[in-house]
Amino acid sequence: MKIIIYLYNGITMLDAIGPYEVLRNMDDAEVYFVAEKTGEIKADSGFIDIHVKYSIDDIKSADILIIPGSTIGFMKEMKNENVLKWIKEVDKTTTWTTSVCSGSVLLASAGLLTGLKATSHWKPINLLSDFGVTPTRERVVEQGKYITAAGVSAGIDMALYLSNKMVGEDETKAIQLMIEYDPQPIVDSGNYSNADEKIIKLAEKKLTKDAKKGLGLLGMIKNSKHILKMMK
């Protein structure tokens with residue numbers, strides 16, 4: 001079972017590593033981290049690099065394609081015609097095409113989600129409507145072979161959802177136990193719909209700070225005002 005996880009500069013690392021830790025434990029899974037070009041990919045935090053061995057020229061097919069999200073880097077990728085063309089080519093071969101967080105905006109910009117419902121991180125979710133997609137604030141959304149997940153940690157839930165479809169409940173339960181995924185947060189503020197306005201504003205402030213850091217990382221400072229405005 002061939003699983004591709006696409007990486008790009010500015011990625012939110014848990015968007016990729018969360019699903020990886022689940023799906024790599026399925027029987028017969030082969031996971032490939034793929035980037036537009038081989039070499040170092042920088043996370044949006046600026047603290048972590050990951051070395052990618054495969055480029056989009058090396059891998060053209062998959063059983064499962066995963067497009068992770070990012071704080072701001074996705075806005076550069078959604079205009080990268082070379083990458084969008086590759087996503088569409090790989091999608092023709094997949095059983096499942098999936099995304100985490102703002103990765104759904106990449107799928108949408110590739111034209112794969114037109115006329116469908118999809119979710120994303122609560123901050124950029126409304127961008128989906130620009131591509132004829134109906135935004136929905138659900139944790140995991142399945143539409144045909146397309147599965148989209150909300151922000152960051154939702155990628156783990158999406159991967160378990162997908163595992164259950166691929167290998168069944170018993171193996172999925174075993175994988176969940178292996179990674180000891182048993183969320184018991186000390187606070188209850190992980191859902192935008194239930195969050196206090198004060199907490200939303202504080203989170204937005206932190207996201208804006210991360211976005212500005214990401215713009216510097218990606219060399220997009222000149223367009224920063226326009227990009228940040230789109231994210232509001």
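The table below gives the values:
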{"item": "Segments 90-98, 47-55 sorted - mean Cβ within 10 Å per residue, highest first", "result": "90-98, 47-55"}
{"item": "Among Ala62, Ala150, Ala174: highest mean-square fluctuation, GNM of the chain, C-alpha pairs under 10 Å", "result": "Ala174"}
{"item": "Packing rank of 68-80, 198-210, where each peptide gets the mean count of other beta carbons within 10 Å, highest leading", "result": "68-80, 198-210"}
{"item": "Ile50-Lys165 pseudo-label distance in nm [points 7 Å out on the Cα-to-Cβ vector]", "result": "2.1"}
{"item": "Stokes-Einstein D (µm²/s) once Rh is taken as the Kirkwood radius of the range 2-185 over alpha-carbon pairs, at 25 °C in 0.890 mPa s", "result": "153"}
{"item": "Leu116 long-range amide H proximity, modeled H, under 5 Å", "result": "Thr134"}
{"item": "Mean projection area, nm², convex hull over Cα of the range 1-52", "result": "3.4"}
{"item": "Cα-based reach from Lys53 at 16 Å (exclusive), listing lysines while leaving out same-chain residues under 8 positions away", "result": "Lys2, Lys37, Lys42"}
{"item": "Amide hydrogen neighbours beyond the local backbone of Val52, cut-off 5 Å, H modeled", "result": "Gly39, Glu40, Ile41"}
{"item": "Phi-based couplings in Hz for the range 32-43 (Karplus 6.51, -1.76, 1.60; Gly and Pro marked x)", "result": "10, 8, 10, 10, 4, 9, 5, x, 7, 10, 9, 6"}
{"item": "Computed E for Val31/Met178 - FRET, C-beta separation, R0 22 angstrom, nearest 0.05", "result": "0.90"}
{"item": "Peptides 110-122, 1-13, 179-191, 31-43 ordered by average Cβ neighbours within 10 Å, highest first", "result": "1-13, 110-122, 31-43, 179-191"}
{"item": "Under-5 Å amide H pairs with Val100, H placed in peptide plane, nonlocal only", "result": "Ile67, Gly69, Ala149"}
{"item": "Projected label distance in nm at Lys117 and Ile186, using a 7 Å step from Cα toward the beta-carbon", "result": "3.6"}
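Bear in mind these aren't lab numbers, they're just calculated from the coordinates by the rules spelled out. Source: prediction; values computed, not measured. Cβ: placed from backbone, ideal geometry, glycine included. Neighbour counts: every protein chain shown.
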